[in-house]
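Below is one structure, written out as structure tokens, with a few remarks after it.
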Amino acid sequence: MVVENDKTFTAAPRNFTYDVNVQVGGHTAYTQTGLTHYHHSRWHKLMWWDESAAPLVNLKHNTAYLIATKAVPNYDQSVKIDPQALSAYVTQLKTGMVGPMKIGPVVEYMPTSGGRPDIGPLPSWSVVYILSMDQRAKDMMLAAGDGAASWSIHYRDEKTGQAVRLDNDVNRKISTHGNLNHLGPLPVPRCANNDWNLCKTPYSADAAHQPSLAYLPYLVTGDQYYLEELQFWAAWNPLGTDPGYHGYELGLVRWDQVRGQAWSMRTLGQVAYITPDSDAMKAYWQTQLNNNLDYYNTSFVINNPNNLGAYDGSGAASFDNVQSAPWQDDFLTWSFGYLSELGFTKATPILAWKSKYPVGRMTAPGFCFIEGAAYFLNIRPAPGQPVYKTFADVYTNMYKDNLNLVDDDGHVLKNPLGLKYIDQPCGSQAQADWRSASGPYTWQRGRMTGYSSSPTGFPSNMQPALAVAAASGIPNASLAWTTFMSRSVKPDYSTSPQWAIVPR
């Protein structure tokens, strides 16, 4: 059963508190007293007509086939899942994280930064399920899929019965930004009586840190609930801004942070791909995806704003960045690669353009791959000035005179002999010795910066981008992958494999 509090145009939305008593076949199947149902959310409960006869079956899908269809990314099937990770799922699911208005293993405050199991092309537990087909991982994945409904992002249009769409004269001006609640039309959440105490929720959604919660559950179950959940999130993603920035009926995500654009494009691609052809929303999602791909093709491929393939804030009404966060940029590169794999051919030239950035950071003359997964890079001399023309220019201006050099824990590196880091040959023992002498830790030769031993570190974030770049056809893409795989320190993906994507 599904219970919803998600009307879009009905006045005075608010939370409701009620008691639940579900009768199935003449007996009580589920009860809960004092359930607070948050505004613009819903909940899902699966019950058997005869619970005592519920089949104890674990349906195992063919992992190699699932990956071969390209419906899911090309996860490294050589990764062996740690049994302790699966045991931990059982413990977690016993801590009250499941049920109506619960969110499973997902982080309550979605904007929380740092490495997390729910952030990645797919969440960690979903990838564990793909690679192990273990029921414990599936239970965790479905708990997250059920919990996705608890966030207040669900806007169902009363006129159509579908998630709100932007392709009509009223809805094209929709925004969910709280500062725009003086404008029309809804669904900016105008809480009943303008009393936000009536709309309090412990959960904060954020496209920039948005996990893929419902796609794989729908793919492996066919449950309509998960499909609609995916559609609700895809509908919500472009709306958190002035309608002019999302292009009104175009539904563009250009205005969001780079990572927000990446995850929004992933979600939009997934919903455009997996929504059945017979669904009334299928053509809409494909149009929304094409609108965005047309924008990126114009902004990147046609206008070619820089030689690096880096997101630089170009394009009308786009998110403006002075520095580059390579890891966020890598998310975006991967998303275009994934869309291309799903068969959306407009993404393919964008992938080729964007692939220049991760490939160049691993192979370009004058740029050392050790810093290829840096937390940030200055890609221009100053705000408002053009992006550097070469990777060598970026590297030289970033690290000359020992500037911007810290270790992974933020310690400033200072060489006791006054030697310059930039003078040490890339990947050499001399370079490793410089780092060892300049900071508190011994540095291994050929180790990349950015928490290279962590399965959620910046090199791990880079891996999916390099994997799809290998299929882009651009020069040195294969060399970039080979260089990346030859680094001396690599993560153990056995507990957190969400970044363990390899070239097809």
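I'd like the full set of residues that are of a type in the set (Ser, Thr, Tyr) and touching a helix residue (DSSP H, G or I) at 6+ places or on another chain (Cβ under 6 Å), limited to region 250-298. Show your work before the answer.
Initially, region 250-298 is screened for residues of a type in the set (Ser, Thr, Tyr), giving 264, 267, 273, 275, 278, 284, 287, 295-296, 298.
Once the filter is applied, which keeps residues that are of a type in the set (Ser, Thr, Tyr) and touching a helix residue (DSSP H, G or I) at 6+ places or on another chain (Cβ under 6 Å), region 250-298 yields 264, 267, 275, 296.
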Do the conditions hold for residue 234, that is, is it crowded, with 17+ Cβ neighbours inside 10 Å, closer than 21 Å to residue 170 by Cα and touching a helix residue (DSSP H, G or I) at 6+ places or on another chain (Cβ under 7 Å)? yes
What do you reckon, is residue 441 within 24 Å of residue 333 (Cβ to Cβ) and of a type in the set (Phe, Trp, Tyr)? no
Check region 312-329 and report whether any residue there is crowded, with 24+ Cβ neighbours inside 10 Å, within 22 Å of residue 354 (Cα to Cα) and either in the same structural domain as residue 69 (by TED's automatic domain parsing) or of a type in the set (Val, Ile, Thr) (or both). no
Conditions: (1) over 26 Å from the mean Cα position of the chain (by Cα); (2) more than 30 Å from residue 16 (Cβ to Cβ). Residue 49 meets all but one. Number of the miss? (2)
Quick test of your reading of the structure: residue 309 fulfils all but one of (1) touching a Lys or Arg at 6+ places or on another chain (Cβ under 7 Å); (2) farther than 26 Å from residue 498 by Cα. Name the failing condition by number. (2)
(1) out of contact with any helix residue (DSSP H, G or I) (no Cβ under 7 Å at 6 or more places or on another chain); (2) more than 28 Å from residue 452 (Cβ to Cβ); (3) at pLDDT below 95 all hold for residue 314 apart from (1)
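Conditions tested, residue by residue: (1) under 27 Å from residue 264 (Cβ atoms); (2) without any contact (Cβ under 8 Å) to a residue 12 or more places away in the chain; (3) surrounded by 13 or more Cβ atoms within 10 Å (Cβ to Cβ).
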residue	(1), (2), (3)
56	no, yes, no
91	no, yes, no
97	yes, no, yes
128	yes, no, yes
139	no, no, yes
Expected output for region 1-25 (first residue free of Cβ contacts under 8 Å to residues at least 12 places away in the same chain, partner loosely packed, with under 13 Cβ neighbours inside 10 Å, Cβ below 6 Å, 6+ apart or cross-chain) is 21/31
I'd like to check something: does region 366-376 contain any residue that is part of a helix (DSSP H, G or I) and surrounded by fewer than 24 Cβ atoms within 10 Å (Cβ to Cβ)? yes
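Within region 1-48, work out how many residues are assigned to a strand (DSSP E or B), among the charged types (D, E, K, R) and out of contact with any Leu (no Cβ under 9 Å at 6 or more places or on another chain).
Keep residues of region 1-48 that are assigned to a strand (DSSP E or B), which gives 2-5, 7, 16-24, 27-37, 41-44.
Now narrow it down to the ones that are among the charged types (D, E, K, R): 4, 7, 19, 42.
Retained after the next criterion (residues that are out of contact with any Leu (no Cβ under 9 Å at 6 or more places or on another chain)): 4, 7, 42.
Adding up the residues that qualify gives 3.
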In this structure, is residue 107 more than 21 Å from residue 221 (Cβ to Cβ), part of a loop (DSSP other than H, G, I, E, B) and either of a type in the set (A, V, I, L, M) or modelled with pLDDT of 95 or more (or both)? yes
Which of the residues belonging to region 403-446 are under 32 Å from the mean Cα position of the chain (by Cα) and among the acidic types (Asp, Glu)? 407, 408, 409
Output the residues belonging to region 113-133 that are of a type outside the set (Gly, Ala, Ser), out of contact with any Pro (no Cβ under 9 Å at 6 or more places or on another chain) and over 20 Å from residue 102 (Cβ atoms). 133
Among the residues of region 238-253, which ones are of a type outside the set (Gly, Ala, Ser) and buried (at least 24 other Cβ atoms within 10 Å of the Cβ)? 238, 246, 252, 253
Among residues of region 181-195, those that are surrounded by fewer than 17 Cβ atoms within 10 Å (Cβ to Cβ) and either closer than 21 Å to residue 252 by Cβ or at pLDDT 80 or above (or both), counted: 7
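May I ask you to verify whether residue 70 is surrounded by fewer than 21 Cβ atoms within 10 Å (Cβ to Cβ), farther than 18 Å from residue 499 by Cα and of a type in the set (D, E, K, R)?
no
Out of 61, 44, 37, I need the residue that is in contact (Cβ under 8 Å) with a residue 40 or more places away in the chain, surrounded by 12 or more Cβ atoms within 10 Å (Cβ to Cβ) and more than 22 Å from residue 152 (Cβ to Cβ). Which one? Explain how you work it out, then say what you get.
Numbers: 44 fails: more than 22 Å from residue 152 (Cβ to Cβ); 37 fails: more than 22 Å from residue 152 (Cβ to Cβ).
Among 61, 44, 37, only 61 is in contact (Cβ under 8 Å) with a residue 40 or more places away in the chain, surrounded by 12 or more Cβ atoms within 10 Å (Cβ to Cβ) and more than 22 Å from residue 152 (Cβ to Cβ).
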Restricting region 345-363 to residues that are surrounded by fewer than 21 Cβ atoms within 10 Å (Cβ to Cβ) and not β-branched (Val, Ile, Thr), which is farthest from residue 265 (Cα to Cα)? 349
I'd like the residue in region 198-231 that is in contact with a Lys or Arg (Cβ under 8 Å, 6 or more places away or on another chain) and either not assigned by TED's automatic domain parsing to the domain that holds residue 155 or not in a loop (DSSP other than H, G, I, E, B) (or both) and, out of all such residues, is surrounded by the fewest Cβ atoms within 10 Å (Cβ to Cβ). 198
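Here is a list: 157, 82. Which entry is in the same structural domain as residue 203 (by TED's automatic domain parsing), at pLDDT 95 or above, of a type in the set (Asp, Glu) and surrounded by 14 or more Cβ atoms within 10 Å (Cβ to Cβ)?
Numbers: 157 fails: at pLDDT 95 or above.
Residue meeting the stated conditions: 82.
The values are calculated or read from the model by the stated rules, or taken from the named source; none is laboratory data. Remember, it's a predicted structure, so these values are computed and weren't measured experimentally. As a convention, Cβ positions derive from the backbone with ideal geometry for all residues, glycine included, and neighbour counts pool all protein chains shown.
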